[in-house]
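Bear in mind that the values in this text are calculations on the coordinates, not laboratory data. Here the structure is a predicted model, which means the values were calculated and not measured. A quick note on method: Cβ atoms are made from the backbone with ideal geometry, for glycine too, and the neighbour counts reach across all protein chains shown.
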Amino acid sequence: MKVLNNIRSLALPLMLASMFVGVLIMSGCREEVGCTTRTADNYNPDAVRDDGSCVNARDKFLGIYNLTHICWPDTMLPLPRYMTISEDDLRVAEDDIKMLNFGEDSITVRALVNKHFITIPQQALSVRGIPMTFRGEGHIDENGYLTVLYSTWLMNGQQVKEDCVIFAQRIDN
């Protein structure tokens, strides 16, 4: 009889504890939905199912820019000009862009997008028939202002332009 009374006195707390554990398990089973693309602006690391809400980080870079271009020590006076940034599907369509009319020589360079940043990986290009290498990086803010810092080398490793900077504002919004 004493054993039966002990079981009855434990029944309510055990029942409440098992209900609490059940609620915890059931609430933990809910599937988090959201953007699962890591390079998207609104990437949700907790999402296990994509809901189609991804905002491609590259899209904020695409457009026409009014820019000022300065290269030290050669070009101390800013050169006003225009540059176009378009899609480039050389690698992964979501993170590649082409920068047309780039730099003093109006060449086309490729860049990779990651959130608000771009990286211009080292690439060999011909400028007025002279093979050169370009490399740089940049950032865009919420208002569409883009800043790019880059350097240029001859193929033999001699640096041609160091610390060139482009300040650009998107004008096609």
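The stretch between Glu32 and Arg128 holds 29.2 nm of extra length on full extension. This uses 0.36 nm per residue minus the Cα-Cα distance. Computing FRET efficiency as 1/(1 + (r/R0)^6) for Ile171 and Ser18, where r is the C-beta to C-beta distance and R0 is 45 Å, gives about 0.10. The phi torsions of the range 122-131, fed into the Karplus equation with coefficients 6.51, -1.76 and 1.60 and a -60° offset, translate into couplings of 4, 8, 8, 9, 9, 10, 6, x, 9, x Hz, rounded to whole numbers, with Gly and Pro shown as x.
Find, among the GluC sites (Glu not before Pro) in the range 114-173, those assigned to loop by DSSP (not H, G, I, E, B) with at most 14 other beta-carbon atoms within 10 angstrom. Qualifying residues, ordered by number: Glu142.
Figure legend: label point modelled 7 angstrom from the Cα of Ser86 along Cα→Cβ; residues of the range 100-116 with amide N under 15 Å from it are 100-102, 107-111. Taking amide H atoms as placed 1.01 Å from N in the peptide plane, the amide H of Met132 lies under 5 Å from those of Leu125, Ser126, Val127, each 5 or more residues away in sequence or on another chain.
Hey, fewest Cβ within 10 Å first, where do His139, His69 land in order?
Numbers: His139 13, His69 19.
Fewest to most other Cβ atoms nearby, the residues stand as His139, His69.
Computing FRET efficiency as 1/(1 + (r/R0)^6) for Arg135 and Asp46, where r is the C-beta to C-beta distance and R0 is 30 Å, gives about 0.25.
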